[in-house]
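Each remark here refers to the structure printed beneath this line.
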Amino acid sequence: MKFILFPNTAFSDYFFPEENFVIEEDSAQLKIKAYAYETNKSNLTDILPKIEQVISRSTYKDHFISTSFIQGNPTVLNDESLTNDAISILKDLYGSNSVLRAYGQIPYFNDDFIYFQQKIPGVYFLLGGSNTEKGLIAMNHAPDFRVDEECIRTGVKAFSSLILERVNK
């Protein structure tokens, strides 16, 4: 049994624009809104100039007015002390090879858990459901989503162990 804990999150450095745009007409102007996800803060300053470059080479260049950026949800970051405690507890109970730390940002990851973490420190866990030996690849929000239900037992075991250890302190 392996538990994977994410001190921060799982994948690193990606940019992904959504395919669907929102088009609004306002004061005789056409506004196009699009959502993009970027995990590397230093890349944010380059996004708008790149979009403007693409537009300047298109047939719409004479009608282009401006671009702007609004930051959305903050990224979930686990409390370091609580994460280390959870890792230590799981390793003590299930062996040193039972926990795998993963780092980075999860694609499409905007979760309201961050707003709870702003009030109370917390640890966000991901429970994987894939089992390649059984040919099960659990890709969330995919039409052919399948999960190895054994992961539920693993999750209950891990979380109940953490709760019991915390209550017994």
Taking amide H positions as placed in the peptide plane 1.01 Å from N, state which residues far from residue 35 in sequence (5 or more) or on other chains have amide H under 5 Å from it.
18
Amide H to amide H under 5 Å from residue 122: which residues, 5+ apart in sequence or cross-chain, H placed 1.01 Å off N in plane?
79
Skipping prolines and chain starts, which residues have an amide H placed within reach, meaning under 5 Å, of the one on residue 136, given they are 5 or more residues away or on another chain?
131
The FRET efficiency for residue 156 and residue 118, from their Cβ-Cβ distance with R0 = 25 Å and rounded to 0.05, is 0.35
For 101, 166, the accessible-area ranking with a 1.4 Å probe, largest leading, is 166, 101
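The values are calculated or read from the model by the stated rules, or taken from the named source; none is laboratory data. Keep in mind the model is a prediction, meaning the values are calculated, not measured. Counting neighbours? That spans all protein chains shown, and the Cβs are built from the backbone with ideal geometry, glycine included. Note: areas computed on protein heavy atoms with side chains; ligands, DNA, RNA excluded. Shrake-Rupley method; radii C 1.70, N 1.55, O 1.52, S 1.80 Å.
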